[in-house]
Number of protein chains: 2
Amino acid sequence: MFEQVSIIGCGLIGSSVFRALKKNGSVKRVITFDSDKSVSEIIKKENLSDKITSSPEEAVSNADLVLISTPLSSFESAVDSIKRHLKSGSILTDTSSVKKGADLIIKKFNLKNISWIPSHPVAGTEKSGPTAGLSDLFKDRWTILTPDSKVKESDVKKVALFWESMGSKIKIMSAGDHDKILSLTSHLPHVIAYNIVKTAMDNDEKTNKDVIRYSAGGLRDFTRIAASNPIMWKDIFIDNSDLIIDGINRFSKSLDEFKKAITEKDSKKLLEIFEKSKEFRDAIIKAGQDTDKPGFGRK
Amino acid sequence: MFEQVSIIGCGLIGSSVFRALKKNGSVKRVITFDSDKSVSEIIKKENLSDKITSSPEEAVSNADLVLISTPLSSFESAVDSIKRHLKSGSILTDTSSVKKGADLIIKKFNLKNISWIPSHPVAGTEKSGPTAGLSDLFKDRWTILTPDSKVKESDVKKVALFWESMGSKIKIMSAGDHDKILSLTSHLPHVIAYNIVKTAMDNDEKTNKDVIRYSAGGLRDFTRIAASNPIMWKDIFIDNSDLIIDGINRFSKSLDEFKKAITEKDSKKLLEIFEKSKEFRDAIIKAGQDTDKPGFGRK
């Protein structure tokens, strides 16, 4: 597939890519570069690279594929540091959660003879950093590619094969469609998770202690995704703010209807909402996107 | 502890109590009664009772402890059917999620020589029915008791020991405090989970298909608790409506502040919210109320 792949930014996602590539053996050499020295030290200690470098030139000048896996707020400086050293004819991709934002930055640099093929593997956990990576993180998950129509078809295929080699399924769509769908399936749920935790903990100390103690009644599920990488989520909320605000407004409108049904003790309306939610859950499990184990396999 | 315990209503919770009691051997005989014939058939088939009966008299007349584990909307008729047959001096408890609601119903019946000691095991999964029961469902979970101050101390101790024998930890508080805390840790999270699923699926068919496909980005966590027993949740929303509406109002106010921070691209404020959420998650894990495995042990 590729002789050499370079990973710029080695957190949860970057280090998972390394682990997956090494497991399947599809890439000969994987070089990693992270501007954070403490991350590079962990990478070294945990043996998460074929070669760690602190030189952007060495990182990318022989790479057939360069994958940038930094938070979006570091994306521009990452591209800036490598732009002069990219091999002519090579492919540049990323893993960021907002595709229009990444696109705008790349367009600014006006790179020549580089195939820019944005990727978003819809996978992750609430953990961050290189030690949190998992070799099977992308298995049975979707990776969305949002290439420009002018990009070489054969290069898009190569990037698709790259993710497929790690067990991922591929979908190609526009950056705009991506940002719209992800605002519903990922960004809005994170806003809401953060907000319910914020609401539940906004009490005196004694009540907060009780809230923690009895969180197994539902709240604890929300706290998981509200423990995700703060920098990454700050970037996402800022970069996809228009669509996220749209989502919040729709959520609030829906919540007002729900509140009305509760106030009016409207059993029929409530049961209707619940039945539909259950059907939706069933569809997600049927689509292989979640486990059917009670309590996700915990209690 | 008790010679005979009778379980009225054998769904997820009732059947878990049976399994737990049989596992630890602390009760000699467990009789079950469920007004739903199809449930009784499953109980029989799965061997989830020492004796299944369809007679309310036989169910409770020799029981030292009667545990009612029906949805709250069936609680009154359940009490009505057994009230004349309860053994003098016996203990009556329940498992319902709204303690003031259960209390009001019991007070109406004015039972004589019966110790009414309400219980709420804060445990469960999104599954329902007798086949969903688990013998270790209550292990390391809290059970809240909300007895009246006039009830015999020794009887409260017996009920505490009963839940402790199944691995539960005990907390005693007033029904009002219970309903307040649970409105935050359980009822409000369920409203919000239902509402985000409702919002995310309120699209044309094509978009809904995409929403299901990419739900691993966060949404799927919410769909789990939104798949819980519809009847039970309809009852809870109606019976604890005042406190739940209070919670919704607080949630909405907090969401408005959050929306403002996103609109104004206020990085500092956003990071502040995220850090606090993470601390809260850490406290829940430290309190043993959730697992620290990434993605709850799934991906």
- prompt: Just a yes or no: is a residue in region A:267-280 on the phi > 0 side of the Ramachandran plot and more than 22 Å from the chain's Cα centre (by Cα)?
  reply: no
query: Does A:HIS190 satisfy the criteria of being facing chain B (nearest Cβ under 7 Å) and either more than 24 Å from B:ALA261 (Cβ to Cβ) or within 16 Å of the chain's Cα centre (by Cα) (or both)?
result: yes
- prompt: Is it fair to say B:SER54 is without any contact (Cβ under 8 Å) to a residue 40 or more places away in the chain and either in contact with a Gly (Cβ under 9 Å, 6 or more places away or on another chain) or assigned to a loop (DSSP other than H, G, I, E, B) (or both)?
  reply: yes
message: Here is a list: A:SER15, A:SER38, A:SER6. Which entry is more than 15 Å from A:SER168 (Cβ to Cβ), touching a residue at least 12 places away in the same chain (Cβ under 8 Å) and part of a helix (DSSP H, G or I)?
response: A:SER15
- prompt: Based on what the data block shows, is B:ILE238 in a helix (DSSP H, G or I), at pLDDT 95 or above, surrounded by fewer than 23 Cβ atoms within 10 Å (Cβ to Cβ) and among the aliphatic types (A, V, I, L, M)?
  reply: yes
- prompt: Pick from region B:103-120 the residues that are in contact (Cβ under 8 Å) with a residue 40 or more places away in the chain and in contact with a Leu (Cβ under 8 Å, 6 or more places away or on another chain): which of them is nearest to the other protein chains (Cβ to nearest Cβ)?
  reply: B:HIS120
message: Given (1) more than 18 Å from the chain's Cα centre (by Cα); (2) within 7 Å of chain A (Cβ to nearest Cβ), identify the lone condition not met by B:GLU257.
response: (2)
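Residues checked against (1) under 26 Å from B:PRO294 (Cα atoms); (2) exposed (fewer than 15 other Cβ atoms within 10 Å of the Cβ):
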site: A:ILE43; (1), (2): yes, no
site: A:ASN47; (1), (2): yes, yes
site: A:ILE52; (1), (2): no, no
site: A:ALA59; (1), (2): no, no
site: A:LEU65; (1), (2): no, no
site: A:PRO71; (1), (2): yes, no
site: A:ASP80; (1), (2): no, yes
site: A:SER90; (1), (2): no, no
site: A:ALA123; (1), (2): yes, no
field: Pairs, first of a type in the set (Gly, Ala, Ser) in region B:145-162, second surrounded by fewer than 20 Cβ atoms within 10 Å (Cβ to Cβ), C-beta under 9 Å, six or more apart
entry: B:ALA160/B:ILE170; B:ALA160/B:ILE172
task: Identify all residues within region A:18-35 that are closer than 21 Å to A:LEU92 by Cα and not in a loop (DSSP other than H, G, I, E, B); write none if there are none.
output: A:PHE18, A:ARG19, A:ALA20, A:LEU21, A:LYS22, A:VAL27, A:LYS28, A:ARG29, A:VAL30, A:ILE31, A:THR32, A:PHE33
query: When region A:194-206 is examined, which residues are found to be more than 7 Å from chain B (Cβ to nearest Cβ), touching a helix residue (DSSP H, G or I) at 6+ places or on another chain (Cβ under 9 Å) and assigned to a helix (DSSP H, G or I)?
result: none
- request: List every residue pair whose Cβ atoms lie under 6 Å apart, where the two residues are 6 or more positions apart in sequence or sit on different chains, the first residue falls within region A:241-255 and is free of Cβ contacts under 8 Å to residues at least 12 places away in the same chain, and the second residue, located anywhere, is crowded, with 19+ Cβ neighbours inside 10 Å.
  value: A:SER241/B:ILE262; A:ARG250/B:THR199; A:SER254/B:ASN195; A:SER254/B:LYS198; A:SER254/B:THR199; A:LEU255/B:ASN195
- line: Subset of region A:26-38, residues surrounded by fewer than 21 Cβ atoms within 10 Å (Cβ to Cβ) and closer than 24 Å to A:ASP239 by Cβ, comes to A:SER35, A:ASP36
- prompt: B:LEU255: over 30 Å from A:MET173 (Cα atoms) and surrounded by 21 or more Cβ atoms within 10 Å (Cβ to Cβ), yes or no?
  reply: yes
message: If I filter region B:40-58 for residues that are under 30 Å from B:ASP179 (Cβ atoms), at pLDDT 95 or above and more than 14 Å from chain A (Cβ to nearest Cβ), do I get at least one hit?
response: no
message: If I ask for residues that are over 30 Å from A:THR291 (Cβ atoms), of a type in the set (Gly, Ala, Ser) and within 14 Å of chain A (Cβ to nearest Cβ), which ones from region B:126-177 would you list?
response: B:SER174, B:GLY176
task: Answer yes or no: is there a residue in region B:163-172 that is in a helix (DSSP H, G or I) and on the phi < 0 side of the Ramachandran plot.
output: yes
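The values are calculated or read from the model by the stated rules, or taken from the named source; none is laboratory data. Since the structure is predicted, the reported quantities are computational estimates derived from the model, not experimental observations. All Cβ positions, even for glycine, are placed from backbone atoms using ideal geometry, and neighbour counts span all protein chains on display.
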